[in-house]
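Below: one structure, written as structure tokens.
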Number of protein chains: 2
Amino acid sequence: MAAPLERKMKVWELVLRCLVGGFGAVAAALVVTDSQTRTFFSLERRAKYTDMKALVLLVAANGAAVVYSLLQAARCAMAMARGGGALVMSSRALAWSVFSGDQLLAYAMLAATAAALQSSLLGKLGQPELQWMGICSLYGAFCKQVGAGIACAVVAGLAAVLLASFSAFNLFRLYGGNKGSSTTRNGATWY
Amino acid sequence: MAAPLERKMKVWELVLRCLVGGFGAVAAALVVTDSQTRTFFSLERRAKYTDMKALVLLVAANGAAVVYSLLQAARCAMAMARGGGALVMSSRALAWSVFSGDQLLAYAMLAATAAALQSSLLGKLGQPELQWMGICSLYGAFCKQVGAGIACAVVAGLAAVLLASFSAFNLFRLYGGNKGSSTTRNGATWY
């Protein structure tokens, strides 16, 4: 691949990692700090994110994503600053570990976001068949902030999905170039 | 890549596609056919999968996975029967479409399974903070069958995740072999 394109992809990888980290942090912060107290007939009730296990999972997944993204962004920036060639020996092992981490991150974030989305839809709409009542008519401000948090988590999750494809590209293209045209033909006949 | 390994991977791809299709079909069938009627004080109540929107989503995702897997398995088997070389021209486009489809399938199945798992845990345990009662003490047989369906969906989802990596490998290795050793060095200096 041409060197300018190579450099552009490095920049994009860094941007995506910052997106995952940034939106993940905002999502976790919005959900964790969310709380609303209401009084019903002199009985005080407080809604908080720990009332819904799926929101706890969302916070955990996004917290882990922030830490992981910071570490990976640092590696990324270091590799860009250092320039070429120094890491040839360990590149396959490194590419495998980055690939595994990014795949795990993307699937974990997507699963946590899907579960939280499902929970919060139940919280909003309820499930009349099971006599579960929606709570957003009572805790409107709480629900709005959770909604904003989940929206951020969706953005972070989509960036993580893109990143997973990036690192798959960076790993698997290392397996294409060893035997020249014969390999290319083999690759093509797969389909 | 060596030809025997190439052939082995084709067989594994076919096996994985059959796993996704098979377990997806069993999961959808278990959930769709699930129903339990109980009588409370001469009032008849019937539990069915449409009472929980997440189960409807699970059935839809697994149904789509079955159709997609059948089509892909047929393509796979045809390519294996035909042997090598006939599809060189269109291989990149084909690899891109298979890659996109498999990625979409893996993420959709995982998200649907996570949402269904979350819903069914709520159904089993309830959420006392929100006055949501668990229903599995009332509809035990219904819950058990849903649980078996979700377990099958988890297996199908894991197979879909593996498949997504397979097709990423098949796509991206096509981008490694065009410039010989210089490309390999470029790929390595990415990290």
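One table, with the values for the structure above:
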| quantity | calculated |
| --- | --- |
| Residue-averaged beta-carbon neighbours from other chains (10 angstrom radius) around B:109-117 | 6 |
| Quarter of the Cα convex hull surface for the protein assembly as shown, i.e. its orientation-mean projected area (nm²) | 21.0 nm² |
| Rounded to the nearest 10 Å², the accessible area of A:LYS8 at probe 1.4 Å | 130 Å² |
| Inter-chain shielding of A:39-51 (mean C-beta neighbours from other protein chains, 10 Å cut-off) | 1 |
| Inverse of mean 1/r across different Cα pairs in chain A, Kirkwood, Å | 19.1 Å |
| Zero-based 10 Å bins, Cα pair distances in segment B:1-101, whole percents | 13, 32, 23, 15, 9, 5, 2, 0 |
| Efficiency of FRET from Cβ geometry, B:LEU104 and B:LYS144, R₀ 30 Å, rounded to 0.05 | 0.45 |
| Shortest-first distances to equivalent copies, position A:PRO4, nm, label 7 Å out along Cβ | 4.7 |
| Kyte-Doolittle mean at least 1.0, axial Cα span of 30 Å or more - DSSP H helices of chain A | A:3-32, A:53-82, A:140-172 |
| Segment A:1-127, relative contact order [Cα under 8 Å, separation at least 6], % | 30 percent |
| Whole-number D in µm² s⁻¹ for segment B:100-163, Kirkwood Cα-pair radius fed into Stokes-Einstein, 4 °C, 1.567 mPa s | 101 µm²/s |
| Identity and axial distance of the chain B residue whose Cβ lies nearest the axis relating B to A, Å | B:GLY176, 1 |
| Ranked packing of A:33-42, B:69-78, A:141-150, B:107-116, most packed first, by mean Cβ within 10 Å | B:107-116, A:141-150, B:69-78, A:33-42 |
| Shortest-first nm distances, B:GLY101 label point to equivalent points in other copies (7 Å, Cα→Cβ) | 3.4 |
| Charge-dipole axis of chain B as Lys and Arg at +1 and Asp and Glu at -1 on Cβ define it, positive-most pick from B:LEU5, B:GLY126, B:ALA77 | B:LEU5 |
| Förster-model FRET efficiency, 22 Å R0, B:SER35 and A:MET133, C-beta, rounded to 0.05 | 0.35 |
| Shortest-first distances to equivalent copies, position A:ALA148, nm, label 7 Å out along Cβ | 4.7 |
| Over the protein assembly as shown: helical MRE at 222 nm, DSSP H runs n ≥ 4 each giving -39500 (n - 2.57), nearest 500 | -25500 deg cm²/dmol |
| Nonlocal Lys pairs with alpha-carbon distance under 27 Å, the protein assembly as shown (8 or more apart, or different chains) | 27 |
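The values are calculated or read from the model by the stated rules, or taken from the named source; none is laboratory data. Keep in mind that this is a model prediction, so the values were computed, not measured. Backbone-built Cβ (ideal geometry, glycine too); neighbour counts: all protein chains shown. To get the accessible areas, we keep the full protein, side chains included, count just its heavy atoms, and leave off ligands, DNA and RNA. Shrake-Rupley method; radii C 1.70, N 1.55, O 1.52, S 1.80 Å.
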